[in-house]
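Encoded as structure tokens, the structure appears first; notes follow it.
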Amino acid sequence: MQKISKSVVLFIILAIIALLTCQWQAKLLTSAAAYHSPLTGEYPAPGESLPPQSERVVLVILSGLGDELQQQLHTPVLEQLIEAGASATSLSSPPSFRQPAWTSLISGAAPALNDAPPLFSFNGEVRTVAVDTIFHSAQRASVGTALLGNAFWSQIIPPKLVSRSVYAQFDDAPGDEQLMKRVAPLLEDDALQLFVLQFNQLAHAAQTSVGRIEDYQTAADQLDAHLSRLVNLLDLDKTTLIITADYGLIEGGGRGGHDAPVVGQPFVMTGKRVIPGRYNSIEQIDIAPTIAALLGLSFPSANQGRPLLEMLQIPDPAPAPISVSLAAQRITLTQHYLAALKMPAPTIGNIAKAEQLLADKNYAGAAKLAFFLVFQADEAAQQAQENRLSRERRIRFLILVAALIILQFYIARQRTKLWVDALLSGAVIVAAYHIIYRLEGLPYSLSAIVSLEQSWFAVALRVGASVLLGSLFFLTLLALRRYTHSAVILHAAYELFLFAAIGFILPALYGFWQFGLTVTWYFPDVALFFHYLTALWQTFWLAVMGLLTPALIVLLNKGIQKGLSAYQQRQLLKWQTSR
């Protein structure tokens, strides 16, 4: 009777775990989708414009073209541009979905700061851009702009921010063809100095073809033809052309995570002021400040990147004022960021000294000091973030330690004679889940989540298969032991599921320690977020299945033991008869 009552307690514990993890994962997803930059509504004021270095800049975004995919495809025009221009791998900051990536490209702010909805592809939320962008900078400087791309842009960029806009009616090849037809007459307008042209058909192919390289190549052929036509329309003696992508794709067409094929995109710049060559990798957030420097615009106020001056042949003394302007922008951004985090004001060198060196025509000294000030500001922002996280983590760590001590004490006091068998079987369930996951060829990444609903039920199927394997393993151990005490077996079976639940939920507990129950002021590392979320899904389904499976294990064990007894009796009878 005591064993039965202990089983009831474990049944209740598993029911509570199922209820809590279901609520927890829902709140975690809701908080992540609703995440806003700490600077929302309090972005710093922009700086001053500088003398332009190029008459026109054209930014081409090839959606979905990762650096690794580009090297697999045959794109002769793009390859010629890479060979003739300044090229590098552009590294984006995940989550690498459409709106966060586009906002990074035009603002120079990473997703954690640019206020784009980080989980756009999962919940479909669209936000009008809140952060300062190169379109804002161009408008302040009375520079004409043109935006041509997917219709989704119209929901992000307010009409008043762009001089001319063309939004494709289709997501695939006809949409890109429509954009190419419309861009030619716009390029004849000298008042339009900033063009952003986004092609979508490669990303569309990923959604419709499940990542078949043949379909990618078809889309790439058409994109290459568009690039050829575009280059012929441009006067590269007056224009700087930048070609890059927003995100790459994993095998199968997924995106959004931290995978190398997703976060690495090709980058090529050619035309006016460009120094050809192959360069070290850059960051996606470097593109917006580079455009600002070329057109003489103020840096977007939340910019976290740097102008790629090493790729540009800008005559002295222009590089020094650009560097000092960047330092002023970054110091102001850091001051606002620390204030938003309610952290002490940063200790950063005085920008006035760099400005004085500039006034004294000590351009090398001004540029060197500006570089150091940018480094100081970035370090101060990073350190403030770490300090606040560390302070919050100490409290959560104590909570976790207390909870684990209580759990360990309970298990030690209530464990059965079969607790080792239960522990091993629980480990089999957890291990089997991850083996099945890897056999499916899926990465541990947000890129593996095509939709929340599909992934939610896919986890259920994997957990179900794992529970089957773990239960069979446990029944095998019972058969070897010839153990028949049903009350003890029932209790041990519930122990099995408790141990498996602990194994599944460990990544979520680590995530709780790192950034809390939900996403608040800080958007976590997306790899950790993936493990956190899926651990809650796994634990939920495990707990649900663990409510009834122990009773089935008891019944199956009875049948197995009876079968074994009958088999032994038959064998004994045969032996006696043979004698």
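The values are calculated or read from the model by the stated rules, or taken from the named source; none is laboratory data. This is a predicted model, so every value here is computed, not measured. Please note: Cβ atoms are built from the backbone with ideal geometry, for glycine as well, and neighbour counts cover all protein chains shown.
Output the residues belonging to the stretch 167-185 that are among the small types (Gly, Ala, Ser) and buried (at least 17 other Cβ atoms within 10 Å of the Cβ).
The first filter runs over the stretch 167-185 and keeps only residues among the small types (Gly, Ala, Ser), leaving 168, 173, 175, 184.
Scanning the stretch 167-185 gives Ala168, Ala173, Gly175.
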Given the criterion among the polar types (S, T, N, Q), part of a helix (DSSP H, G or I) and under 30 Å from Val519 (Cα atoms), identify the matching residue among Ser31, Ser5, Ser37. Ser31
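Table: residues versus (1) at pLDDT below 95; (2) more than 30 Å from Leu249 (Cα to Cα).
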{"position": "Lys6", "(1), (2)": "yes, yes"}
{"position": "Ala18", "(1), (2)": "no, yes"}
{"position": "Gln25", "(1), (2)": "no, no"}
{"position": "Leu50", "(1), (2)": "yes, yes"}
{"position": "Ala86", "(1), (2)": "no, no"}
{"position": "Ala101", "(1), (2)": "no, no"}
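Restricting attention to the stretch 228-265, and to residues there that are of a type in the set (Gly, Ala, Ser) and in a loop (DSSP other than H, G, I, E, B), which single residue is nearest to Leu148 (Cα to Cα)?
The first filter runs over the stretch 228-265 and keeps only residues of a type in the set (Gly, Ala, Ser), leaving 228, 245, 248, 252-254, 256-257, 260, 264.
This time we only want the ones that are in a loop (DSSP other than H, G, I, E, B), so: 245, 248, 252-254, 257.
Details: Ala245: 15, Gly248: 20, Gly252: 28, Gly253: 24, Gly254: 25, Gly257: 27 Å.
Among those residues, the one meeting the criterion is Ala245.
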Do any helices (runs of 4 or more DSSP H) entirely within the stretch 59-166 hold 2 or more residues that are in contact with a strand residue (DSSP E or B) (Cβ under 8 Å, 6 or more places away or on another chain) and surrounded by fewer than 23 Cβ atoms within 10 Å (Cβ to Cβ), and if so, which? 67-72, 76-84, 153-156
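Here are some residues: Ala203, Ala225. Which one is closer than 17 Å to Leu69 by Cβ, touching a residue at least 40 places away in the same chain (Cβ under 8 Å) and either part of a helix (DSSP H, G or I) or hydrophobic (A, V, I, L, M, F, W, C) (or both)? Show your work before the answer.
Numbers: Ala225 fails: closer than 17 Å to Leu69 by Cβ.
From the options Ala203, Ala225, the qualifying one is Ala203.
Tell me which residues, restricted to the stretch 390-422, are in contact with a Lys or Arg (Cβ under 9 Å, 6 or more places away or on another chain) and surrounded by 17 or more Cβ atoms within 10 Å (Cβ to Cβ). Reasoning before the result, please.
Taking the stretch 390-422 as the starting set, the residues that turn out to be in contact with a Lys or Arg (Cβ under 9 Å, 6 or more places away or on another chain) are 414, 416, 418, 421-422.
Hits for the stretch 390-422 are Thr416, Leu418, Asp421, Ala422.
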Restricting to the stretch 25-37, and then to whatever is surrounded by fewer than 21 Cβ atoms within 10 Å (Cβ to Cβ) and touching a helix residue (DSSP H, G or I) at 6+ places or on another chain (Cβ under 8 Å), can you tell me which residue is nearest to Asp235 (Cα to Cα)? Ala33
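Can you tell me which residue is nearest to Ala26 (Cα to Cα) among those in the stretch 501-546 that are among the small types (Gly, Ala, Ser) and free of Cβ contacts under 8 Å to residues at least 60 places away in the same chain? Let's see the steps before the verdict.
Taking the stretch 501-546 first, the residues among the small types (Gly, Ala, Ser) are 501, 503, 508, 511, 516, 527, 535, 543, 546.
Narrowing the set further to residues that are free of Cβ contacts under 8 Å to residues at least 60 places away in the same chain leaves 511, 535.
On the way: Gly511: 15, Ala535: 13 Å.
The qualifying residue nearest to Ala26 (Cα to Cα) is Ala535.
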For the stretch 299-330, which residues satisfy the criterion of being farther than 19 Å from Ser90 by Cα, without any contact (Cβ under 8 Å) to a residue 40 or more places away in the chain and part of a helix (DSSP H, G or I)? none
Of all residues in the stretch 10-24 being within 21 Å of Thr416 (Cβ to Cβ) and exposed (fewer than 13 other Cβ atoms within 10 Å of the Cβ), which is nearest to the chain's Cα centre (by Cα)? Ile16
When you scan the stretch 137-153, do you find a residue that is of a type in the set (Ser, Thr, Tyr), within 27 Å of the chain's Cα centre (by Cα) and assigned by TED's automatic domain parsing to the domain that holds Asp235, even just one? no
